[in-house]
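Here's the structure, in structure tokens; my notes come after.
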Amino acid sequence: MTIPNEPELRSPRKRRNRQTFKDQVHPASKRATRLSPIIVVPKKNGKIRVYIDYRKLNAVTIKEAFPLPFTDSVLDAVAGHDMYNFLDGFNGYNQVRMHPDDQEKMAFVTEWGVFVVVVMKFGLKMTPATFHRIISEIFSEYFPPFMHVYLDDFAVYTARHDHLHHLRLYLERCCAAHLSLNPAKCTFGVTSGALDDEIVNGEGIAVYPGKIYAIIKAPISKNVKALVVS
């Protein structure tokens, strides 16, 4: 796949990302009859994220019959332990290959032509449930003794004396399943951390500060009128 006027990729990271893109996206064959548009959305860090609009494909897709975990249940299980490791799956959904018979259904249109995605993408109706089913099968024996997961956010929790042992078991299973992690978003050997926008630690669950920042910083009302207006 060649894109016109592509700048030279000098850094190893850019070359690696480029190769990853080539591995995930291939030119479509003439069998691709269902085409989806792409949407460019700005991210908070100033970069952009490209989505494929699969709404029409989702309308005719049978939903994966596998339940997602309840957030409250995950938080209750993770809270109250000595040590934590919070780990993030690197491009989690993209690590799952699509069946060859379904790849042409995921075709999308660009100004350079029509291409198909050969991995599972964000935006498909069945993606979250399918991914969670796969992860649950990979780590089934570790639920709930010392880990929980919500989609691609992993929490390995343990007593202090078992910390390295349980972390090693988790990482060895990741290697065996060829599951990649994002080092920039992983935290190891801490006593508290963020999970699903809440703070968990040995004492329980606390509110994430960012959620109540506006309330904390709000000016104190000095009379009834000001209180009603605010």
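For a bin width of 10 Å, list the pair-distance distribution of the chain built from all Cα-Cα distances, rounded to whole %. Spelled out per bin, shortest first, that is 6, 24, 27, 23, 13, 5, 1, 0.
Going from most exposed to least, what order do Leu164, Leu151, Leu171, Leu124 have by accessible area with a 1.4 Å probe? Working shown, then result.
Working: Leu164 115, Leu151 35, Leu171 60, Leu124 15 Å².
From most exposed to least exposed: Leu164, Leu171, Leu151, Leu124.
Normalised by residue number, the volume inside the convex hull of the Cα atoms of the range 28-161 is 143 Å³ per residue.
Using a simple spin-label model with pseudo-atoms 7 Å out from Cα toward Cβ, Arg168 and Thr191 lie 2.5 nm apart. Beta bridges per DSSP, both residues in the chain: antiparallel share near 95 percent. Just checking the listed ones, Lys105, Lys125, Lys56: in the Gaussian network model of the chain with Cα springs under 10 Å, the one fluctuating most is Lys56.
When the listed pairs Lys44/Lys185; Lys44/Lys217; Lys63/Lys185 are checked against a 27 Å cut-off, the alpha-carbon distance exceeds it for Lys63/Lys185.
Counting only helical runs of four or more DSSP H residues, what would the 222 nm mean residue ellipticity of the chain come to if each run contributes -39,500 (n - 2.57) and the total is spread over all its residues? Working shown, then result.
Numbers: 8 runs with 67 residues, N = 230.
Counting only the DSSP helices, I get -8000 deg cm²/dmol.
Using the 1.4 Å probe convention, the accessible area of the range 78-230 works out to 57 Å² per residue with neighbouring protein chains retained.
Of all trypsin sites (Lys or Arg not before Pro) in the range 143-230, which ones are in loop regions per DSSP and have a Cβ with at most 10 other Cβ atoms within 10 Å? Could you put the intermediate results ahead of the total?
Numbers: sites: Arg160, Arg168, Arg173, Lys185, Lys211, Lys217, Lys222, Lys225; in loops: Lys222.
The qualifying sites are Lys222.
Measuring nothing but protein heavy atoms, the accessible surface of the chain at 1.4 Å probe radius is 57 percent carbon and sulfur. Sort out the exposed loop GluC sites (Glu not before Pro) in the chain (DSSP loop, at most 14 other Cβ within 10 Å) and tell me the longest stretch that has none. Looking at the chain, 9-110 is the longest stretch - no exposed GluC sites (Glu not before Pro) with at most 14 other Cβ atoms within 10 Å.
Relative to a virtual label point 7 Å from the Cα of Ile205 in the Cα→beta-carbon direction, which members of the range 62-85 show backbone nitrogen distances below 12 Å? In the range 62-85, the label zone of Ile205 (backbone N under 12 Å from the point 7 Å along Cα→Cβ) covers 70-80.
Each Cα pair under 8 Å and six or more residues apart adds its sequence gap; the mean of these over the residue count of the chain is a relative contact order of 25 percent.
The values are calculated or read from the model by the stated rules, or taken from the named source; none is laboratory data. Every value quoted in this text rests on a predicted model; they were computed, and no experiment measured them. Glycine gets a Cβ as well: all are built from the backbone with ideal geometry, and neighbour counts include every protein chain shown. Quick note on the areas: whole protein, heavy atoms, side chains included, nothing else; ligands and nucleic acids left out. Shrake-Rupley method; radii C 1.70, N 1.55, O 1.52, S 1.80 Å.
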